[in-house]
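Just so you know, all these numbers are worked out from the coordinates, no wet-lab data involved. The model shown is predicted, which means the values in this text are computed figures rather than measured ones. So basically every Cβ, Gly included, is an ideal-geometry build from the backbone, and we count neighbours across all protein chains shown.
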Amino acid sequence: MGQYFTNEKLPSNVRKTECFVLGNKFTFLTDNGVFSKDGLDFGSRLLLESIPLEEVGGKILDMGCGYGVFGIVLAKLTGSCVDMVDVNLRALHLARRNADENSVNHVHVFESNCYHNISSKYSSIITNPPIRAGKKVVYDIVMNARDYLEKDGKLFLVIRKEQGAKSLIVDLEKVYNVEVLEKKKGFFIIKCSF
């Protein structure tokens, strides 16, 4: 079985899921071969519910967008323009469909392996990094975010304690001002700024 950060050809089985985030209903199409295909996962929900929305504005990057949850929710709730990127082509196709499904038209969905196709700067970067892709990819995403953040920009991420949250925080503190916004059921919600 392939991983969600690859483009292996798994049989398609598109299904529709619904969720409420911060009092708003969202509908998402999911499929085999994408992260959290059964619906919004606990860590992603906790991240969305922990981000201070008043600090998220301007242009947002949803790094490793999957089928589009972060980008679509934040675009809808903040009115911000959002770039949504992933390496998984099936996820990108779903993200485009989900933007339409949720009547969000100020998102730009495109392929990028980490920051390879990124040329903009952002006020916020949001990510649930693909832990199964390995430490090198995770560190590429979180450590190199600083090069794509505006002067007062912020990186928001979720990581589990058992996946190395504490050691990652130590490493992040070498580059950023780090604040743990929430800890729940082994998940850490982290805000990084300059």
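Hey, can you tell me all the residues within region 141-151 that are crowded, with 18+ Cβ neighbours inside 10 Å and closer than 21 Å to Phe187 by Cα? Listed by number, the residues that qualify are Ile141, Val142, Ala145. Of all residues in region 116-164, those that are over 21 Å from Gly57 (Cβ atoms) and among the polar types (S, T, N, Q) total 3. Just one of Asn13, Asn32, Asn24 is under 23 Å from Gly134 (Cα atoms) and surrounded by fewer than 22 Cβ atoms within 10 Å (Cβ to Cβ); which is it? The conditions single out Asn32.
Of all residues in region 85-113 being over 19 Å from Ile125 (Cβ atoms) and among the acidic types (Asp, Glu), which is surrounded by the most Cβ atoms within 10 Å (Cβ to Cβ)?
First, pick out the residues of region 85-113 that are over 19 Å from Ile125 (Cβ atoms): 89-90, 93-94, 96-98, 100-103, 105.
This time we only want the ones that are among the acidic types (Asp, Glu), so: 100-101.
Details: Asp100: 11, Glu101: 16.
So, considering only residues that are over 19 Å from Ile125 (Cβ atoms) and among the acidic types (Asp, Glu), the one surrounded by the most Cβ atoms within 10 Å (Cβ to Cβ) is Glu101.
Within region 62-108, being at positive phi and out of contact with any strand residue (DSSP E or B) (no Cβ under 8 Å at 6 or more places or on another chain) holds for Gly79, Ser103. Hey, can you tell me all the residues within region 61-84 that are in a strand (DSSP E or B) and surrounded by fewer than 24 Cβ atoms within 10 Å (Cβ to Cβ)? Correct list: Cys81, Asp83.
Going by the conditions given, is Lys184 crowded, with 21+ Cβ neighbours inside 10 Å, basic (Lys, Arg) and on the phi < 0 side of the Ramachandran plot?
Criteria not met by Lys184.
If the condition is being assigned to a helix (DSSP H, G or I), touching a residue at least 60 places away in the same chain (Cβ under 8 Å) and either closer than 27 Å to Tyr139 by Cβ or among the aromatic types (Phe, Trp, Tyr) (or both), then region 85-123 contributes Leu89, Arg90, Ala91, Leu94. Lys154 falls short on exactly one of the conditions (1) in a helix (DSSP H, G or I); (2) surrounded by 18 or more Cβ atoms within 10 Å (Cβ to Cβ); (3) among the charged types (D, E, K, R), and that condition is (1).
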